[in-house]
Structure formats: C-alpha cells, structure tokens
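*Asks:* My questions all concern the structure below.
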Amino acid sequence: MSLAFFLLTLGTISLVAGIALAFNIRDAAGAATRYAAANAELAMHARGDLGTPKRVMSKQVYRYLGAVLALAGLVLTLGGLLELAF
C-alpha cells in the first residue's frame, strides 16, 4: 500500500509541475529561463569570465520538457492508481 501512495504523490507533483511548465502558467518557463541565465552568469563569474552568458535553452524547450514531465507524472499517477486498485 505504501508504494501506491508513493507513486500517487510523486506522480501528482510531477503532473502539476509539468502542466504548469508546459502551459506556461504564471510565466513558469520564463522563470526557468531567467534562473538558468542567472546560474550561468554566476558560474562564469566564479571562473573569472566577466562576459555575458550564452543562452542554452529557450522558453520553448522548457515548455517541451514540461510536457514530458507531465506525461511522466501521468504515468506514475496511473501506476499508483493501479497499484492501489489491485
């Protein structure tokens, strides 16, 4: 029974986070892009490079990753429901 609750909890959290990122709710993809840029800038400053950081991923890539995360969360949630049912 504990595996079912673990899968349901993890799946639901992944599903909600993936949907928020995929549908860009409250500019979640933009926030992820800004966070990555700030992190890259801090890493460059730590190395002594004072130039501008290069953008690695755009908002659209984060939205696609959010869709993949939502799909994985849906699979985990359905697996937890099946485990709970049987």
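*Asks:* What is the one condition in (1) over 30 Å from LEU3 (Cβ atoms); (2) open to solvent by less than 60 Å² (accessible area, probe 1.4 Å) that GLY66 does not satisfy?
*Replies:* Status for GLY66: all satisfied but (1).
*Asks:* Name every residue in segment 32-59 that is without any contact (Cβ under 8 Å) to a residue 12 or more places away in the chain, open to solvent by 60 Å² or more (accessible area, probe 1.4 Å) and part of a helix (DSSP H, G or I), in order of residue number.
*Replies:* ARG34, TYR35, ASN39, LEU42, HIS45, ALA46, ARG47
*Asks:* If you don't mind, another one. I need the full set of residues from segment 12-31 which are open to solvent by 50 Å² or more (accessible area, probe 1.4 Å) and either closer than 17 Å to MET57 by Cα or not in a helix (DSSP H, G or I) (or both), in order please.
*Replies:* Within segment 12-31, PHE23, ASP27 meet the criteria.
*Asks:* Can you pull out the residues in segment 69-79 that are of a type in the set (Gly, Ala, Ser) and either without any contact (Cβ under 8 Å) to a residue 12 or more places away in the chain or in contact with a Ser or Thr (Cβ under 8 Å, 6 or more places away or on another chain) (or both)?
*Replies:* Residues satisfying the conditions are ALA70, ALA72, GLY73.
*Asks:* Turning to a different aspect of this structure: All but one of (1) surrounded by 15 or more Cβ atoms within 10 Å (Cβ to Cβ); (2) over 11 Å from the mean Cα position of the chain (by Cα); (3) assigned to a helix (DSSP H, G or I) hold for LEU84; state the number of the condition that does not hold.
*Replies:* For LEU84, the failing item is (1).
The values are calculated or read from the model by the stated rules, or taken from the named source; none is laboratory data. Model, not experiment: these values are computed from the prediction. Cβ sites come from the backbone with ideal geometry, for glycine too, and all protein chains shown count toward neighbours. Side chains included, ligands, DNA and RNA excluded: accessible areas come from the protein's heavy atoms. Shrake-Rupley method; radii C 1.70, N 1.55, O 1.52, S 1.80 Å.
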